[in-house]
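First up is the structure itself, then whatever we jot down about it.
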Amino acid sequence: MWMCMENIIYSCGKFYKHVWKNKEVFMEKIRAIIYARCSTDESKQDVENQINTCKKYCESQSWPYEIFQEYESAYKGTRRKVFEEALERIRLREFNILVVYMLDRFSRETPTKIVSDLHKVVEEHKCRFVSIKEGIDSNNDMWQIIMMIFAYMANNFSKMLGIRVREGIKQKKEKGEYKGGRPKKEIDIKRLKSIAKHKDLGLRKIAREYNKDISKKDRISYIQVKRVLQKHSCNLQGEKR
């Protein structure tokens, strides 16, 4: 009889532990945010890959989701409006799961800042965090340790990338092969000015209009649009948007 009681207590304990770890399933409606990010708008393909992977993951879990994507750096305190909007809606309890492709899509700031932001999402706003590529899940018992390790790795990746770029430039300079940054693109100034003059568009939309039917290597960013138009004293019809 006592053995039977022990088995019942043990089974109940396992059940309640499962309920607690998956409390969002039992206590509230699940809604997930998919957050995808690249540093520039020239990496559209990479953002699409991130979104597709995250969508497949959410669908495999039967989670309804909403997609938030942007083209901004996640390093050294750059303001990310879409990211801030996602966090605000998590704070308002509109979503209870945040899904990213990799941790460095969430942030590439210092490990302390990354851990602080993740703590705010998971502990303060009671939102589950999932990073697919590294297999990070805040429902995991080892969450705190895993979070600190990968926060360090995300920050270190950006630092090492900068070091490798500088070393490569130094070696090319020593060999006399360095030409000074990226080769300049041949921009059709007349066509660009025509688009800016005849269409009431912001900088991003001017760039998209100009880039239609142009090979990927010759496409320009909205920053380049701004520089060219300012250099040729063109009045911009709209602000950056």
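Bear in mind these aren't lab numbers, they're just calculated from the coordinates by the rules spelled out. Because the structure is predicted, anything quoted here is derived from the model rather than measured. Ideal geometry is used to build each Cβ from the backbone, glycine not excepted, and the neighbour counts take in all protein chains shown.
Across segment 203-213, in residue order, what do the Karplus-derived ³J(HN,Hα) couplings come to in whole Hz, using 6.51 cos²θ - 1.76 cosθ + 1.60 with θ = phi - 60° and x for Gly and Pro?
4, 4, 6, 4, 4, 5, 5, 5, 7, 4, 6
Report the net charge of residues surrounding Val99, where surrounding means a beta-carbon distance below 12 angstrom and charges are Lys +1, Arg +1, Asp -1, Glu -1.
Neighbourhood net charge equals +3.
Show the residues, 5+ positions off or on another chain, whose built amide H is closer than 5 Å to the amide H of Ile97.
Arg31, Ile33, Arg128
Using the 10 angstrom Cβ neighbour count as an exposure proxy, how do Ile195, Ile145 rank, fewest first?
Ile145, Ile195
Under the Karplus relation 6.51 cos²θ - 1.76 cosθ + 1.60, θ = phi - 60°, what is the ordered set of whole-Hz ³J(HN,Hα) values for segment 118-123, x standing for Gly and Pro?
Working through the residues one at a time gives 5, 4, 5, 5, 7, 8 Hz.
When a footprinting reagent is the concern and you count Cβ atoms within 10 Å, what order do Asp104, Asp188 take, fewest first?
Taking fewest neighbouring Cβ atoms as first place, the list is Asp188, Asp104.
Average projected area of the Cα convex hull of segment 189-231, in nm²?
2.8 nm²
Report, in debye and to the nearest 20, how large the dipole of segment 189-231 comes out about its Cα centre when Lys and Arg carry +1 and Asp and Glu carry -1 on their Cβ.
Charge dipole, segment 189-231, about its Cα centre: 100 debye, nearest 20.
If neighbour count is taken as other Cβ atoms inside 10 Å, put Leu92, Leu98, Leu87 in order from fewest to most.
Leu92, Leu87, Leu98
Work the Kirkwood hydrodynamic radius out for segment 23-154: mean of 1/r over every pair of different alpha-carbon atoms, inverted, in Å.
Radius from the Kirkwood sum: 14.8 Å.
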